[in-house]
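Here is the structure we will look at.
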Amino acid sequence: MNCKAPGRLVIERVKFFRRHRGEVNSSAFSPDGQTLLTASEDGCVYGWRTQSGNLLWRLGGHTGPVKFCRFSPDGRLFASTSYDRTIRLWDTAKATCLQVLKGHQRSVETVSFSPDSKQLASGGWDKRVLLWEVQSGQVLRHLAGHQDSIQSSDFAPSSDYLATGSWDSTIRIWDLRTGTPVIFHRELEGHSGNVSCLSYSTTGLLASGSWDKTVHIWKPSTRSLLVQLKGHATWVKSVAFSPDGLQLASAGYSPMIKVWDCNTGKCIETLKGALDVAHACTFTPDGKLLLVSGAVD
């Protein structure tokens with residue numbers, strides 16, 4: 001679904017992707033917005049042409065439900081995580097599996113690439129964060145400290161820090177600079193429910209969505225909560241900053257998508273009615289369109 005932004009949001013186009021054989025757990029757009037990934041309970045990763053809705057690939061290999069998927073910032077790779085405790089790295093152009101990353105002890109729930117696409121962070125039900133080198137597939141660091149399942153992650157624009165969100169209701173900011181101790185750098189507290197999604201802006205602000213139905217915008221360097229956004233009727237599934245960092249889109253586990261003014265904290269627009277559940281929202285690189293993917297019964 002494409003939505004015009006900024007200004008008045010209207011539904012411009014709706015495409016339906018109906019060939020899954022199980023519930024869709026996650027979805028992600030490529031950096032150029034041309035390809036949509038979907039992760040399914042049927043154990044497969046699907047690739048779709050955003051404009052036409054045509055199926056590009058259906059990729060097996062995982063031996064359990066696929067929980068999460070994400071493209072690398074350069075668009076050359078994508079990653080999928082699974083209940084089978086592995087992460088798979090795929091070549092986008094060839095739609096082939098390059099590596100299977102093993103190291104987690106339970107279901108892997110989140111994965112994120114560093115801005116230069118050279119590192120990968122993963123987290124899940126074993127309460128650990130693993131930092132991987134993409135090229136070799138080797139584990140670089142184990143980051144421990146969360147008290148419950150890790151459900152979300154995102155790298156800072158500089159790649160020096162990694163944010164992770166957990167069912168322990170906290171966000172941890174890990175210092176990844178060479179030579180620093182492998183301990184969490186800062187802990188952000190304020191949510192009263194599971195932290196379900198995270199997104200850094202290009203200016204270094206951090207947005208978090210939670211099961212407490214709120215979105216928080218933080219300045220991680222000072223551990224400051226800048227604004228709390230309320231208005232969702234269900235838990236928040238996805239958050240995304242506009243390229244200029246002035247707006248924030250949020251999708252609840254419902255038909256509702258909201259766009260906020262980051263300076264004032266006011267809701268600019270609310271869009272609902274096209275989807276039963278919104279999974280992912282992201283702005284196109286030029287900021288002119290808001291892409292939303294989700295599920296319908």
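Scanning segment 118-158 for residues that are small (Gly, Ala, Ser) and either out of contact with any Lys or Arg (no Cβ under 8 Å at 6 or more places or on another chain) or in a strand (DSSP E or B) (or both) yields 121, 122, 123, 124, 136, 137, 144, 152, 153, 156, 158. For residue 64, are the conditions met, namely being open to solvent by less than 20 Å² (accessible area, probe 1.4 Å) and either farther than 20 Å from residue 278 by Cβ or not aliphatic (A, V, I, L, M) (or both)? Judged against the criteria, residue 64 is a match.
Identify, please: which residue in segment 88-113 is surrounded by fewer than 21 Cβ atoms within 10 Å (Cβ to Cβ) and of a type in the set (S, T, N, Q) and is, among those, farthest from residue 197 (Cα to Cα)? For segment 88-113, the residue satisfying everything is 96.
Output the residue which, of all residues in segment 48-101 that are in a strand (DSSP E or B) and among the polar types (S, T, N, Q), is farthest from residue 113 (Cα to Cα). It comes out as 96. Selection of strands (runs of 3 or more DSSP E) fully inside segment 180-252 by the criterion of at least 2 residues being closer than 19 Å to residue 281 by Cβ, aliphatic (A, V, I, L, M) and over 14 Å from the mean Cα position of the chain (by Cα) returns 214-219, 224-230.
Selection of segment 253-284 for residues being surrounded by 21 or more Cβ atoms within 10 Å (Cβ to Cβ), at pLDDT 90 or above and assigned to a strand (DSSP E or B) yields 258, 259, 260.
Go through the residues of segment 158-176 one by one and say whether even a single one is assigned by the TED database to the domain that holds residue 68, within 15 Å of residue 68 (Cα to Cα) and surrounded by fewer than 17 Cβ atoms within 10 Å (Cβ to Cβ). No: zero hits.
Confirm whether residue 49 is in the same structural domain as residue 152 (by the TED database), open to solvent by 40 Å² or more (accessible area, probe 1.4 Å) and at pLDDT 95 or above. The answer is no for residue 49.
Any residue that is closer than 24 Å to residue 172 by Cα and under 20 Å from the mean Cα position of the chain (by Cα) - is there at least one of those in segment 267-278? No.
Residue-level check: of (1) within 11 Å of residue 171 (Cβ to Cβ); (2) of a type in the set (Phe, Trp, Tyr); (3) open to solvent by 30 Å² or more (accessible area, probe 1.4 Å), residue 218 misses just (3). Just one residue in the set 208, 242 is surrounded by 15 or more Cβ atoms within 10 Å (Cβ to Cβ) and more than 14 Å from residue 164 (Cα to Cα); that residue is 242.
The values are calculated or read from the model by the stated rules, or taken from the named source; none is laboratory data. Computed from a prediction, not measured in an experiment: that's the story for all the values here. FYI the Cβ positions are ideal-geometry reconstructions off the backbone, even for glycines, and counts take in every protein chain you see. Side chains are part of the model used for accessible areas, which takes the heavy atoms of the whole protein and leaves out ligands, DNA and RNA. Shrake-Rupley method; radii C 1.70, N 1.55, O 1.52, S 1.80 Å.
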